[in-house]
Amino acid sequence: MGSKRDKILDIIRDTNSLPTLPGVVSRLQALSENRKSTIEEMARLVSSDQILSARVLRLVNSPSYGFYRVSTISNALILLGVNVIKSLALSSSIFEIMEKTIVGLWEHSLGAGVAANIIARHLKLPEVEEISTAALLHDIGKVIIKEKCAEDYERICNMVERDGIPMLEAERQVLQTDHAEVGEWLVHNWYLPNKLSEPVACHHDVANAQHHKMKTAVVHLADVLVKASGFGFSCEAYVPRIQPTAWEWLGMTEDDLAAIVEELEDRLVEVKNFSLEIQSTDEN
């Protein structure tokens, strides 16, 4: 059949065509699966690639995690865990593309990471760092579409602007898939756990989540709140409503929401400063 959807899936399956560092990353994958490997071994491996370790530390020190001045990879592994470091290592080169070419989306993703962190802490959920990571990754499919299907991406953006339809709808019309599904394929292809891939896959359709409902609901809410705040730009001006399923699963009240939004407004100032700092470092 050879549809656009198949074409994108083929691109993702062909890991060499993606901007990652296959050598270090596949060795990291093997180490993380071996129960006998130590944090030190993994840290040594990531640190052996200077560019990769610099990128990972840059993301670890982003406001999405709320740790500041994490200066070593082993420290980062202890604070955030293997899954988070592995996903940051894998996605770091894609985030670099975002920082340089889709700044609005980079800021939106960072903002969503911060929002998810605030929501998860407010609701006292476990695995806050993994929830922040899932939120950081939630729109990664958009980068793949822009990089690998540039003309289609232009068409999609024009449709969103001209017809006032949500990006998801335009993507489905043009590509027979959407950025949530593309992001899910990518995260699966990287062998990251389901608790990271499901929130990416279902952040627009929360009711489809089966195993990680709370994490998915948090990522959805974080995405909506950051869009509503007008911070960053997720490539569309449309702000979706909070889905009733997400609201129900999280068991939140209006007061909870007000407290979260207030803290988020303050923290987004940090995100802006962090983003500007990164961009000025990149220019030098």
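Given a 1.4 Å probe and every protein chain left where it sits, what share in percent of the accessible area of the chain is carbon and sulfur? After summing per-atom areas, the C and S share lands at 50 percent. For segment 62-69, backbone phi angles converted through the Karplus equation (6.51, -1.76, 1.60; θ = phi - 60°) give residue-by-residue couplings of 6, x, 4, 9, x, 9, 10, 6 Hz, Gly and Pro being listed as x.
Overall, segment 58-147 carries a charge dipole of about 120 debye about its Cα centre when +1 sits on the Cβ of Lys and Arg and -1 on the Cβ of Asp and Glu, all other atoms neutral. When the trypsin sites (Lys or Arg not before Pro) in segment 192-273 are filtered for DSSP coil states and for at most 11 other beta-carbon atoms within 10 Å of their beta-carbon, the remaining sites are Arg241. For a straight C-alpha distance cut-off of 27 angstrom, the lysines reachable from Lys195 (same-chain residues fewer than eight places away being disregarded) are Lys7, Lys36, Lys86, Lys124, Lys142, Lys146, Lys148, Lys213, Lys215, Lys227.
Computed over the Cα atoms of segment 40-97, pair by distinct pair, the Kirkwood hydrodynamic radius stands at 11.1 angstrom.
What the Cβ-Cβ distance of Thr253 and Ser37 gives, at R0 = 51 Å and to the nearest 0.05, is a FRET efficiency of 0.70. For Cys235, no residue 5 or more places off, or on another chain, has a built amide H under 5 Å of its own.
Secondary-structure-derived ellipticity at 222 nm for the chain, considering helices only, amounts to -23000 deg cm²/dmol, per-run term -39500 (n - 2.57) for DSSP H runs with n ≥ 4.
For the chain, the solvent-accessible area of protein heavy atoms averages 44 Å² per residue (probe radius 1.4 Å; ligands and nucleic acids excluded).
Each Lys and Arg Cβ is given +1 and each Asp and Glu Cβ -1; about its Cα centre, the chain then shows a dipole of about 820 debye.
Full extension of the chain between Glu265 and Arg241 gives 6.8 nm of extra length, using 0.36 nm per residue less the Cα-Cα distance.
What is segment 180-235's relative contact order, in percent, from Cα pairs under 8 angstrom and six or more apart in sequence? It would help to have the intermediate numbers written out before the result.
Working: 51 pairs, mean separation 14.5, N = 56.
Dividing the mean separation by the residue count of segment 180-235 yields 26 percent.
The residues packed around Ala170, meaning those with a beta-carbon under 15 Å from its beta-carbon, carry a net charge of -4 if Lys and Arg are +1 and Asp and Glu are -1.
Which shape class applies to segment 62-133: rounded if a/c is under 1.5, otherwise prolate when a/b exceeds b/c and oblate if not, where a ≥ b ≥ c are the square roots of the Cα gyration tensor eigenvalues? Judged from the Cα gyration tensor, segment 62-133 comes out oblate (a/c at least 1.5, b/c at or above a/b).
Once you keep just the Cα pairs under 8 angstrom separated by 6 or more residues, what percentage relative contact order results for the chain? Walk me through the numbers before you get to the answer.
On the way: 386 pairs, mean separation 56.9, N = 284.
Dividing the mean separation by the residue count of the chain yields 20 percent.
Per the Debye formula on identical point scatterers at the alpha carbon atoms of segment 95-242, with no solvent, log10 I(q)/I(0) at q = 0.12, 0.14, 0.21 Å⁻¹ is -0.44, -0.60, -1.41.
Taking only the Cα atoms of segment 213-263, the radius of gyration and Dmax are 11.1, 30 Å. Look at where the Cα atoms of segment 225-284 and of segment 104-136 average out, and the two centres are 9 Å apart.
The values are calculated or read from the model by the stated rules, or taken from the named source; none is laboratory data. All figures in this text were calculated on a predicted structure; none of them were measured in a lab. Positions of Cβ are generated from backbone atoms using ideal geometry, with glycine treated the same way; all protein chains shown enter the neighbour counts. What goes into the accessible areas is simple: the full protein's heavy atoms, side chains included, and nothing from ligands, DNA or RNA. Shrake-Rupley method; radii C 1.70, N 1.55, O 1.52, S 1.80 Å.
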